[in-house]
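Report on one structure; see the data block that follows.
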Amino acid sequence: MARASDGGVPRLARMRRDYTGSRGARDEGSQASVLILFGMVGGELSVLLTQRAATLRTHAGQVAFPGGRQDPGDDDAVAAAVREAEEETGLVPGDYTVLGALDPVPVAVSGYLVTPVIGWWDSPRVLDPVDAAETARVFTVPVSELLRPEVRVRTELRRGTSVFKGPGFEVSETLVWGFTGFLLEAVLEELGWAGPAAPERTINPLDY
């Protein structure tokens, strides 16, 4: 966070180009936030993730950081991130400490500007979805698992004439991809935690 406040996060800036540059995204649109929450779980540094319900109309079944759209009652992006995270996972304010927020990233597909909020999980505990109609599960993944070369993949999704390509992580019996995959890769690389290069393996996210 200190590095971010001293002039931005270089890898996140590159992500803005990688993720949105070829898709014509603009730095305009509705505001949203996600909470990237790290903590020691079972003696290992881990990150909190959710899996969206399979019945949702958009991004059904996909893995995501807890978060969502900024509501009129939210004071700022941080307030939106923690409110959404608490509503989805059952976190309470005493569980975690917000460290700060990174610059928002425009998402061309949805038109949202998404602000990543970084937090530290002071008191990790088992969490369950608050609303099963929205969230299928809440789980953690050790950072050491995310850094293993064999779990790293490239994803390629074709829809008509459009092709979406990006990083992916095969962990916890699922696939982390899309915006979450890009953001997770960017944060891990900027923190200097990135491991060896991923093997050349491309998969279709729809296979999950």
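The values are calculated or read from the model by the stated rules, or taken from the named source; none is laboratory data. Just so we're clear, the structure is a prediction, and the values are computed from it rather than from any experiment. All Cβ positions, even for glycine, are placed from backbone atoms using ideal geometry, and neighbour counts span all protein chains on display. For accessibility, only protein heavy atoms count, side chains too; no ligands or nucleic acids. Shrake-Rupley method; radii C 1.70, N 1.55, O 1.52, S 1.80 Å.
Qualifying trypsin sites (Lys or Arg not before Pro) in region 65-130, where qualification requires a DSSP coil assignment and no more than 11 other C-beta atoms within 10 Å, comprise ARG125.
Tell me whether region 62-185 comes out rounded, prolate or oblate; compute the Cα gyration tensor, take square roots of the eigenvalues as a ≥ b ≥ c, and use a/c under 1.5 as the rounded threshold. Taking the square roots of the gyration eigenvalues as a ≥ b ≥ c, region 62-185 is oblate. Spacing of the modelled spin labels on ASP75 and THR55, each 7 Å from Cα toward Cβ, amounts to 3.6 nm.
Solvent-accessible area of region 119-199 (1.4 angstrom probe, protein heavy atoms only): carbon and sulfur portion equals 51 percent.
Close amide H partners of LEU99, meaning residues 5 or more places away or on another chain with modelled amide H under 5 Å apart, are ILE118, GLY119, TRP120.
So how much slack lies between ASP103 and ARG148, counting 0.36 nm per residue of separation and subtracting their Cα-Cα distance, in nm?
Values: separation 45, 0.36 × 45 = 16.20 nm, distance 2.77 nm.
Gain in length upon complete extension: 13.4 nm.
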